[in-house]
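Colleague: Next up is a structure, given as structure tokens.
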Amino acid sequence: MSPLRRRLLFGAPLAVAAAGGAGFYTILRRMQDNKYDPHALPSPLIGKRPPAFTLPGAAGFQGFSNTDLLAPPKPMLVNWFASWCVPCLQEAGMLSVLARTGTTIWGINFEDTGPNLATYLAQNGNPYARIAADASGLTAINWGVYGVPETYVIDKTGIVRWRYAGALTLDVVKSTLDPMLKHYA
Amino acid sequence: MRRWLLPLLLVPALAWGQMVTRDGVTLTQPQETRAEAIGGQLRCLVCQNESIEASGATLAKQLRVIIRQHVVAGDSDKSIIDFMVQRYGIFVLLKPPVMPLTYLLYAMPGLALALGVLAFWLGRRTRVPPPAPLSAADRDRLEELLK
């Protein structure tokens, strides 16, 4: 066996193991830093306008349709939520902070009832400028929503730039949402 | 024999005519079979490792209803699957399509085989030629030593 071949036979598995190790380390590291979520799904809506819909208002709020989202004065959030959803409750505080600091948030109340929504808002505060009701959940399917809460960033030309599934945390807001809102301002 | 022929021929029609109701949608048995085949290819996004057919999630149920409504309306399998991909992305497909993102995935068996062949080729040993037969003097000495 030539020395080169011997070295290759010894080195190749070592190199494969080292490359694998480096890869796994990077993935775990990025997961720890909240930069990578293996469960996150890319939304096909990104780069497009939301699909056509017209939803009535809920709990005395004004509803909206896709045409109302065509040209917001500054980038805004559309937040899918429900009074029965536990992670929605977890992000309620974060949404209030965002609303207070001048971010426009419109809510779509998912498979919920008016009285339950009213109680929820009374207990947890209301960050929403408008709330539309998707009682059947069919508009959610057209948006590709697969659970609540989901948050979408819509830029000034009405195009969806970001989708986040799950409760918004301070980490996510600082690392991703804030820079995004600034970028599209 | 002829008496039985007509009823026998009509047996499949019985199966065809049978209506089933699944998740509140009524459809014929062949339509239901088609709907199940389509739903079996789609991933439930809530549980992520179950098909829409197998999942108990509310969203999966809603999607099953939508699939059945489209089947009853006479839409093709492809258009129903496209409907889902358009909304949820290629992740809804339990079998990923061949596309630039999945080239590496589909090339993996070939790559693994090539690596194995390479390792095998590198690891092969050159055959050492057998030693020359002993000379007469050596054989005598061997006899002497072994005595």
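The values are calculated or read from the model by the stated rules, or taken from the named source; none is laboratory data. These numbers were taken from a predicted model, which means no experiment stands behind them. Every residue, glycine among them, receives a Cβ derived from its backbone with ideal geometry; neighbour counts consider all protein chains shown. For accessibility, only protein heavy atoms count, side chains too; no ligands or nucleic acids. Shrake-Rupley method; radii C 1.70, N 1.55, O 1.52, S 1.80 Å.
Colleague: Residues in the range A:1-59 that are part of a loop (DSSP other than H, G, I, E, B), in contact with a Pro (Cβ under 9 Å, 6 or more places away or on another chain) and open to solvent by 50 Å² or more (accessible area, probe 1.4 Å): how many? Let's see the steps before the verdict.
Modeller: Of the residues in the range A:1-59, the ones part of a loop (DSSP other than H, G, I, E, B) are A:1-2, A:33-53, A:56, A:58-59.
From what is left, the residues that are in contact with a Pro (Cβ under 9 Å, 6 or more places away or on another chain) are A:45, A:59.
Subsequent filtering for residues that are open to solvent by 50 Å² or more (accessible area, probe 1.4 Å) retains none.
Number of matching residues: 0.
Colleague: Please tell me if A:GLY166 is on the phi > 0 side of the Ramachandran plot and open to solvent by less than 20 Å² (accessible area, probe 1.4 Å). Working first, answer last.
Modeller: Numbers: on the phi > 0 side of the Ramachandran plot: yes; open to solvent by less than 20 Å² (accessible area, probe 1.4 Å): no.
Spelling it out, it is not the case that A:GLY166 is on the phi > 0 side of the Ramachandran plot and open to solvent by less than 20 Å² (accessible area, probe 1.4 Å).
Colleague: Identify, please: which residue in the range B:103-123 is of a type outside the set (A, V, I, L, M) and open to solvent by 100 Å² or more (accessible area, probe 1.4 Å) and is, among those, nearest to A:VAL16 (Cα to Cα)? Steps first, please.
Modeller: Step one: list which residues in the range B:103-123 are of a type outside the set (A, V, I, L, M), which gives B:103, B:106, B:109-110, B:116, B:120-121, B:123.
Right, trim to open to solvent by 100 Å² or more (accessible area, probe 1.4 Å) and you get B:103, B:120-121.
Values: B:TYR103: 20, B:PHE120: 16, B:TRP121: 18 Å.
Checked the range B:103-123; the qualifying residue nearest to A:VAL16 (Cα to Cα) is B:PHE120.
Colleague: Do we have any residue at all in the range B:116-123 that's of a type outside the set (D, E, K, R), away from chain A (no Cβ under 12 Å) and more than 30 Å from B:GLU32 (Cα to Cα)?
Modeller: Of the residues in the range B:116-123, the ones of a type outside the set (D, E, K, R) are B:116-123.
Then keep just the ones that are away from chain A (no Cβ under 12 Å); that gives B:117.
When the remaining residues are screened for being more than 30 Å from B:GLU32 (Cα to Cα), the result is B:117.
Yes, the range B:116-123 has at least one match.
Colleague: Of the residues in the range B:124-146, how many are surrounded by 10 or more Cβ atoms within 10 Å (Cβ to Cβ) and of a type in the set (A, V, I, L, M, F, W, C)?
Modeller: So the answer is 2.
Colleague: Looking only at residues that are closer than 15 Å to A:ALA140 by Cβ and either polar (S, T, N, Q) or in contact with a Phe, Trp or Tyr (Cβ under 7 Å, 6 or more places away or on another chain) (or both) in the range B:29-61, which one is least open to solvent (accessible area, probe 1.4 Å)?
Modeller: Among them, the one singled out is B:LEU45.
Colleague: Okay, next question. Filter the range A:125-145 down to the residues that are more than 14 Å from chain B (Cβ to nearest Cβ) and open to solvent by less than 50 Å² (accessible area, probe 1.4 Å), then identify the one that is modelled with the lowest pLDDT. Spell out how you get there, then give the answer.
Modeller: First, the residues of the range A:125-145 that are more than 14 Å from chain B (Cβ to nearest Cβ): A:125-133.
When the remaining residues are screened for being open to solvent by less than 50 Å² (accessible area, probe 1.4 Å), the result is A:125, A:127-128, A:130-133.
Values: A:GLY125: 93, A:PRO127: 97, A:TYR128: 97, A:ARG130: 97, A:ILE131: 97, A:ALA132: 97, A:ALA133: 97.
Within the range A:125-145, the match that is modelled with the lowest pLDDT is A:GLY125.
Colleague: Give me a count of the residues in the range A:67-82 that are within 20 Å of A:TYR164 (Cβ to Cβ) and either more than 14 Å from the chain's Cα centre (by Cα) or of a type in the set (Lys, Arg) (or both). Spell out how you get there, then give the answer.
Modeller: Looking only at the range A:67-82, we keep the residues that are within 20 Å of A:TYR164 (Cβ to Cβ), and these are A:69, A:72, A:74-82.
Adding the requirement that they be either more than 14 Å from the chain's Cα centre (by Cα) or of a type in the set (Lys, Arg) (or both) leaves A:69, A:72, A:74-75, A:82.
Matching residues across the range A:67-82 total 5.
Colleague: Moving to a separate point now. So how many residues does the range B:62-73 have that are open to solvent by 60 Å² or more (accessible area, probe 1.4 Å) and either away from every other protein chain (no Cβ under 12 Å) or touching a Ser or Thr at 6+ places or on another chain (Cβ under 8 Å) (or both)?
Modeller: The initial filter retains those residues of the range B:62-73 that are open to solvent by 60 Å² or more (accessible area, probe 1.4 Å), namely B:69, B:72-73.
The next check asks that each one be either away from every other protein chain (no Cβ under 12 Å) or touching a Ser or Thr at 6+ places or on another chain (Cβ under 8 Å) (or both); those that pass are B:72-73.
Of the residues in that region, 2 qualify.
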